[in-house]
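What follows draws every value from the coordinates through simple rules; no lab data is involved. On a predicted model such as this, the values are computed, not experimentally measured, just so you know. In this analysis, Cβ positions are derived from the backbone assuming ideal geometry, glycine residues included, and neighbour counts consider all displayed protein chains.
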Amino acid sequence: MCLVVLGHLILFAYHNDATRAPVPLADVFSLLSILDVPLFVFVSGYLAPVEPGARWLGRRALQLLVPYVAWNAVIWAITDRTNPLGLLLNAAVWLDQKSNPVWFLYTLFVLSVLWVLLGRNRVVLVAVAATCAVMPLQFLPYFSMRYIVVLFPVFVAGRLVGERRFEPGPWVLVLAAALLAAKWSVPGANLLWWPPGWAASAAAAGGAPALWLSGALTALRLALMLALIGSAMYVARGARWGAWLGALTLGIYAAHTLFMPTWVVGGGVVGLVAGYVVTMTAAIGVTLLLRRSRWGWFLFLGSGRPPWHTADPGHPAT
């Protein structure tokens, strides 16, 4: 989550165009854009139950949709109170990339629904995941649909790895480097969506070859995601630090966009570093305050435990 915030601040600092950032920062953004969200989805699949059911999905609804609605309401009240119907439509469908800062909660719930619907039949599950892995994304009208198609195979891969307790070796670092070289475009490019330089002209030409190329690039994108996730698993093996911060990730994710200072834009590297410290400090502080209340924990941090239920002595907000 610390890296997610950094990627957003790099984009924010350079007017939503990371290619304008200095090369090291642009390269960092390129890498983060294809690692951060898939890593969270992979972990969610890794921890999902082997046989999901309605009860688990109901709890996921409380954990994901309640904060999704609550944070959308707060963001709307603070940033733009002119179009409530547009907000409701965007929250229900997520039409485009930039207009829904807490889109990940929506997407993760849809992935959970797909897991409940398909998880009991492995043949169907693998077939759907494989279809998503080669789907030409121009067929999909909404940005939310693109993300769901791209990330569902990652969720399934996480679940399969979790069942088998698979541990990658050092070979995954070599594989990730090779796939990254194949997928790389230009510094600062969002590797999740941009075609690599060698495919750009063919992709723009249209027609059947471009369609086949689009499907191949979707598969390459998935392979790179999984290789980078495996690299993160290998590098982080045995790590024990940071657990306290990990428990705050939902609050940091949802709140940080509200605290990114405007002086970061055009402030250069110094402004970016200072803005990162301010943003993370504010987001962590708000999250810690929300944890002190059972209502705050339920509405904004995804506890999944309605406040009117009997208090749990082990709950930090009790």
Identify, among Val265, Leu290, Val186, the residue whose Cα sits farthest towards the positive end of the charge dipole of segment 181-318, taking +1 on the Cβ of Lys and Arg and -1 on the Cβ of Asp and Glu, with the dipole about the Cα centre.
Leu290
Work out how much length Arg292 to Ala130 would gain on full extension: take 0.36 nm times their residue separation and subtract the Cα-Cα distance, in nm to one decimal.
54.0 nm
Neighbour counts of other C-beta atoms within 10 Å: give me Tyr234, Tyr147 arranged from fewest to most.
Tyr234, Tyr147
Over the Cα atoms of the chain, Rg to Rh with Kirkwood Rh, two decimal places?
0.95
Sum of -39500 (n - 2.57) over DSSP H runs of 4+, divided by residues of the chain (222 nm, nearest 500):
-21500 deg cm²/dmol
In nm, to one decimal, how far is the Val50 label point from the Ala202 one, both placed 7 Å along Cα→Cβ?
4.2 nm
Identify the chymotrypsin sites (Phe, Trp or Tyr not before Pro) of segment 1-41 meeting these criteria: DSSP loop state and at most 13 other C-beta atoms within 10 Å of the C-beta.
none
Of Val156, Leu228, Pro52, which is farthest towards the positive pole of segment 23-241's charge dipole, taken about the Cα centre with +1 and -1 on the beta-carbons of Lys, Arg and Asp, Glu respectively?
Pro52
For Leu57 paired with Ala182, estimate the spin-label separation in nm (one decimal), with each label point 7 Å from Cα along the Cα-to-Cβ line.
3.6 nm
Kindly state, to the nearest 0.05, the FRET efficiency for Trp171 paired with Trp193, given R0 = 35 Å and r defined as their beta-carbon distance.
0.80
Relative to the Cα centre, what is the charge dipole magnitude of segment 23-241, using +1 at the beta carbon of each Lys and Arg, -1 at the beta carbon of each Asp and Glu, and rounding to the nearest 20 debye?
500 debye
With labels modelled as points extended 7 Å from the Cα through the Cβ direction, what inter-label distance (nm, one decimal) is found for Leu140 paired with Ala216?
2.1 nm
Could you list Arg292, Arg305 so that the one with the fewest beta carbons within 10 Å of its beta carbon is first and the one with the most is last?
Arg292, Arg305
Give the residue list of trypsin sites (Lys or Arg not before Pro) in segment 1-86 that are DSSP loop and have at most 16 other beta-carbon atoms within 10 angstrom.
Arg81
Based on other C-beta atoms within 10 Å, arrange Glu167, Glu51 from fewest to most.
Glu51, Glu167
By how many nm would the segment from Leu117 to Ala236 grow when fully extended, if each residue of separation counts as 0.36 nm and the alpha-carbon distance is taken off?
39.6 nm
Length gained when the stretch Glu163-Thr82 is fully extended (0.36 nm per residue, less Cα-Cα span)
24.4 nm
